[in-house]
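The structure appears below as structure tokens.
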Amino acid sequence: MKKSNIFYLMALTSVFLACEGKFEPSNSIGKVSLLLPENNKQCFGTKLESNKIAVEFDWNDVDQITSYNINYTDGVTGESNLLTTTDSFISIELEPGTLYTWNVTVTDDFGHSEKSEDFSFYTEGLADSNHVPFPADIRLPENENNTVNVSWEGVDLDNDIDYYQVYFSQENPPALFLDNTIEQSFNASVETGATYYLNIVTFDENGNYSDSKVTVTF
């Protein structure tokens, strides 16, 4: 009888051991979609006595998220700021006549995170302001037979974009690929599985410029 009990306990222990394992929760975070300020547009906001402008930022609600991290960057100085809010909107005081880029990142209780795309906008300034071009909106296609066609769109509130400097290679920082071009696309041969760095610098007729950088593995 004792042997039967011992065998039963051993079998039960084996079942428990077989069921043991590390729980790996799936990433079920929804997509973060930015709403306001709109991309590549001028944002008027509310003028304050401090001469700053209060701008309302708005994005979609994401399920199973308790807080949102909003990052906004001055397109000229490169200074970045990070704020956290429990709402899907926030009002931020910004400098007038300034180019900003922003995004929102959310993280769940298991450490999974999701980052929105980047939006750029200009705060209202003087009527005769000399605006910096918006960062180029880059479109990256799928790798087809180790060849890609990269395209982009440049926007400037003054409509005075002059040319682009394009840097593209496997090195970081990337090597110059197109010099002083007015084209908005190029074809390139790529290696499958290799990582490439792309930087497009947009210049206007007044010498103002903006950077747009992406890293991609084809």
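Determine the gain in length on full extension of the stretch Asn187-His112; use 0.36 nm per residue of separation and subtract their C-alpha separation, reporting nm with one decimal. Numbers along the way, then the final one.
Numbers: separation 75, 0.36 × 75 = 27.00 nm, distance 3.51 nm.
Computed gain between Asn187 and His112 is 23.5 nm.
Quick check for me: using +1 on Lys/Arg Cβ and -1 on Asp/Glu Cβ, what's the dipole size of the range 34-123 about its Cα centre, in debye to the nearest 20? Mind dumping the intermediate values first?
Values: 4 positive and 16 negative charges, 71 e Å.
Result for the range 34-123 is approximately 340 debye, rounded to the nearest 20.
Tell me the angle of helix 2-19 to the major Cα principal axis of the chain, expressed in degrees between 0 and 90 and rounded to the nearest ten.
It is inclined by approximately 10 degrees.
Of all the stretches in the chain, which is the longest one without any exposed loop site, taking trypsin sites (Lys or Arg not before Pro) in a DSSP loop (any state but H, G, I, E, B) with at most 11 other Cβ atoms within 10 Å? Walk me through the numbers before you get to the answer.
On the way: sites that count: Lys22, Lys31.
The segment 32-218 is the longest one with no such site.
Given the -39500 (n - 2.57) contribution per DSSP H run of 4+ residues, what per-residue ellipticity at 222 nm results for the chain, rounded to the nearest 500 deg cm²/dmol? Walk me through the intermediate numbers first.
Values: 1 runs with 18 residues, N = 218.
For the chain, the value works out to -3000 deg cm²/dmol.
Quick one: if the Förster radius is 41 Å, what FRET efficiency do Glu142 and Ser91 give, using the C-beta to C-beta distance and rounding to 0.05? Can you show the working numbers first?
Details: r = 40 Å, r/R0 = 0.97.
Given R0 = 41 Å and the Cβ-Cβ separation, E is 0.55.
Using Cα pairs under 8 angstrom and six or more residues apart, how large is the relative contact order of the range 137-217, in percent? Mind dumping the intermediate values first?
Details: 161 pairs, mean separation 24.6, N = 81.
Result for the range 137-217 is 30 percent.
Evaluate E = 1/(1 + (r/R0)^6) for Asp63 and Asn149, where r is the Cβ-Cβ distance and R0 equals 35 Å; express this FRET efficiency to the nearest 0.05.
Numbers: r = 36 Å, r/R0 = 1.04.
In this case the efficiency is close to 0.45.
Kirkwood hydrodynamic radius for the range 34-123: how many Å is it when counted over pairs of different Cα atoms? Write out the running numbers ahead of the final one.
Values: mean 1/r = 0.0739 Å⁻¹.
About 13.5 Å for the range 34-123.
If you take all C-alpha pairs in the chain, what percent of them are over 25 Å apart? Show your work: numbers first, answer last.
Working: 13087 of 23653 pairs.
So the portion of pairs separated by more than 25 Å is 55 percent.
State which stretch of the chain is the longest one without any exposed GluC sites (Glu not before Pro), exposure meaning a DSSP loop state and at most 14 other Cβ atoms within 10 Å.
In the chain, the maximal stretch lacking such sites is 80-116.
Read-outs: derived from the displayed coordinates by stated rules, not from any lab. If you're wondering where the values come from, they're calculated on a predicted model, not measured in any experiment. Cβ atoms come from the backbone with ideal geometry, glycine included; neighbour counts cover every protein chain shown.
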